1. Any residue in segment 130-137 that is under 21 Å from G218 (Cβ atoms) and of a type in the set (V, I, T)?
2. Taking only pairs six or more apart or across chains, which ones have beta-carbon atoms under 9 Å, a first residue in segment 350-375 that is at pLDDT 70 or above, and a second residue that is part of a loop (DSSP other than H, G, I, E, B) and loosely packed, with under 13 Cβ neighbours inside 10 Å?
3. Quick one: in segment 16-34, of everything that is out of contact with any helix residue (DSSP H, G or I) (no Cβ under 6 Å at 6 or more places or on another chain) and not hydrophobic (A, V, I, L, M, F, W, C), which residue is nearest to W277 (Cα to Cα)?
4. Out of segment 32-75, which residues are of a type in the set (S, T, Y) and under 17 Å from Y151 (Cα atoms)?
5. Between residues in segment 20-40 that are without any contact (Cβ under 8 Å) to a residue 40 or more places away in the chain and residues that are polar (S, T, N, Q), which pairs lie under 8 Å by C-beta distance while being six or more apart or on different chains?
6. Please indicate, with yes or no, whether at least one residue in segment 325-335 is surrounded by 15 or more Cβ atoms within 10 Å (Cβ to Cβ), in a helix (DSSP H, G or I) and in contact with a strand residue (DSSP E or B) (Cβ under 9 Å, 6 or more places away or on another chain).
7. Residues that are under 20 Å from T90 (Cα atoms): which helices (runs of 4 or more DSSP H) entirely in segment 228-310 hold 3 or more of them?
8. Look at segment 1-46 and say how many of its residues are among the charged types (D, E, K, R) and within 17 Å of A262 (Cβ to Cβ).
Amino acid sequence: MSAISRQTIVAGFLPLLDCALLAVAASRGFAEAEGIELKLVRETSWANIRDRISVGHFDVAHMLAPMPIASSLSLTTLAVPMRAVMALGTGGNAISVSGDLWRAMKVEGAAENGDPLSTGQALARVIRNRAETGAPSLHFGVVHPFSGHAYELRYWLAAAGIHPDRDVEISVLPPTVMADALAAGQLDGYCVGEPWNTKAADTAGARIVTTKEAIWPGSPEKVLGVTAKWAEANGDLLCRLIAALMAAANWCADPGNLEELAGLLAGAEFLDCPVDWCRPALVGRLRFDAQTEVNVPGFLSFGGVERHCPREDHGLWFYAQMVRWGQARFSEGDLDLVRQTFSPALFQKALGTDGVLNASGEGTGSTLFDGQVFSDQTLADHIAGYVGQAG
């Protein structure tokens, strides 16, 4: 296809490993093959991503999975209806703590393999001990209030009997500064995407204590976010972009491409970091600390239409957490908006895969680390159980 006939798409992204599909589609010819000139713009915070796509600076964006829901429900500034038209991968986050906090958790029996039940219970005992001695509350970081990071951290804490809004403090910081904040003693722990846990293990004496994949296996982390208005006006172009990104996803999933992918992402255009920080997540062998490597199969996964197709039940889980922590009031109307936001329809149209593996989530669901099963059918019970937990 000639350069003259190409259409330009401007995409915002943050320097995280799960910007991989956009990076590969733009630099390895997959976008060009679909007649697209994909221009990538690196941003510094998720708030900037949200604001710039809302006002039209970006056509599409690498976006926190809950963010299109929050925007569609008018829970954020500059809110506009949005769509999560494709998951950009599953997993990729971890919860890290300072060396001092990890040593205290080990005394209380924390498992060294990242088991979230064990580490959460150990942290709860540490917090009780600190309260008895009058020590200040522990301080954790997340990347945005409407993020998988925030909800995974809160879910893990709450399952251990720790109230996220009373027993600890939680602040919002950009992903790239998390390790530095931990090293400076401004945070005791955080939930962030890779490679910023590996950086902290290498440079700040931090320890990974559990992962997104352990808390909520197979769950989406970032999505391709787009305003509903842009999607409606550019349906064919968006379908071609989805096809390009799916081809990039399958390229990323090929083990033979991992070294090239790590080198690409580590480059100045994307993460601008040592390539050694990128490899652990891509191969599923994490440096939990400077001396310890742990195999975490599926920690960050790409490839296959089932993994990248939006699922309505995933969107509903994020919405349930918004209700749980007082960010939203439950309403039946909201459920319809969430289902629209996480609808698989456009993805399936782009790839010609109608009915992909119960992509709506109907009849399926997710089992979290504490044994709770979340699905469309159990949503009402979860919402009822969450009443009164916020604040």
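The values are calculated or read from the model by the stated rules, or taken from the named source; none is laboratory data. Fair warning: this is a prediction, and the values are worked out from it, not measured in the lab. A quick note on method: Cβ atoms are made from the backbone with ideal geometry, for glycine too, and the neighbour counts reach across all protein chains shown.
1. Checked segment 130-137: no residue is under 21 Å from G218 (Cβ atoms) and of a type in the set (V, I, T).
2. These pairs meet every condition: S375/G363.
3. D18
4. Within segment 32-75, S71 is the sole residue that qualifies.
5. E37/Q7; E37/T8; K39/T8
6. No, the conditions are met nowhere in segment 325-335.
7. Passing ranges, in order: 235-253, 258-266, 275-283, 305-308.
8. Looking only at that region, the number is 2.
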